[in-house]
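Participant: Here it is, the structure, as structure tokens.
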Amino acid sequence: MFRRLLSIILGIGAAGAPEPPAGLVARVSALASGQLLLNGQQVDLQALDTALADLKAKHGTVWYYREYPEHEPPPQATEAIGLVVKHQLPIRISTKADFSDVVSTNGNSKPREP
């Protein structure tokens, strides 16, 4: 339900949309512990905010993964999504920690196209 609602609000992952170049993607992982990762490296909210502002200037995209999405998100995960919204960045939700899939607007997961 969370993914479906988020997809409606943010216009996530239009099917068939081309993937941006690798340097224009921020891979944000929100772990159940509350830890946030940006491209595999631990990051705090202030550093994430700065990185997303830079990404916005480059017309980049956020790929987002949240560990255990069936549970309530830790506050850091909610704040991370708030930063994506603040910077009005496109976002694609993944159900896999390696970002190998994408959740479509109908809430179904499918393999990410290369």
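Read the figures in this text as sums done on the coordinates, not as results from a lab. This is a predicted model, so every value here is computed, not measured. Methodologically, a virtual Cβ is constructed for each residue, glycine included, from the backbone with ideal geometry; neighbour enumeration extends over all protein chains shown.
Participant: Determine whether Gln76 is surrounded by 12 or more Cβ atoms within 10 Å (Cβ to Cβ), outside any loop (DSSP other than H, G, I, E, B) and among the polar types (S, T, N, Q).
Facilitator: Working: surrounded by 12 or more Cβ atoms within 10 Å (Cβ to Cβ): yes; outside any loop (DSSP other than H, G, I, E, B): yes; among the polar types (S, T, N, Q): yes.
Yes: the conditions hold for Gln76.
Participant: Could you list all residues from the range 31-84 that are in contact with a helix residue (DSSP H, G or I) (Cβ under 7 Å, 6 or more places away or on another chain), among the small types (Gly, Ala, Ser) and closer than 19 Å to Ala97 by Cβ?
Facilitator: Within the range 31-84, Gly34, Ala80 meet the criteria.
Participant: For the range 79-108, how many residues meet the condition of being assigned to a helix (DSSP H, G or I) and either without any contact (Cβ under 8 Å) to a residue 40 or more places away in the chain or more than 11 Å from Val28 (Cα to Cα) (or both)? Write out each step before concluding.
Facilitator: Of all residues in the range 79-108, those assigned to a helix (DSSP H, G or I) come to 79-86.
Adding the requirement that they be either without any contact (Cβ under 8 Å) to a residue 40 or more places away in the chain or more than 11 Å from Val28 (Cα to Cα) (or both) leaves 79, 82-83, 85-86.
The qualifying residues number 5.
Participant: Could you please find all residues in the range 58-73 being surrounded by 19 or more Cβ atoms within 10 Å (Cβ to Cβ) and part of a loop (DSSP other than H, G, I, E, B)?
Facilitator: Once the filter is applied, which keeps residues that are surrounded by 19 or more Cβ atoms within 10 Å (Cβ to Cβ) and part of a loop (DSSP other than H, G, I, E, B), the range 58-73 yields only Gly60.
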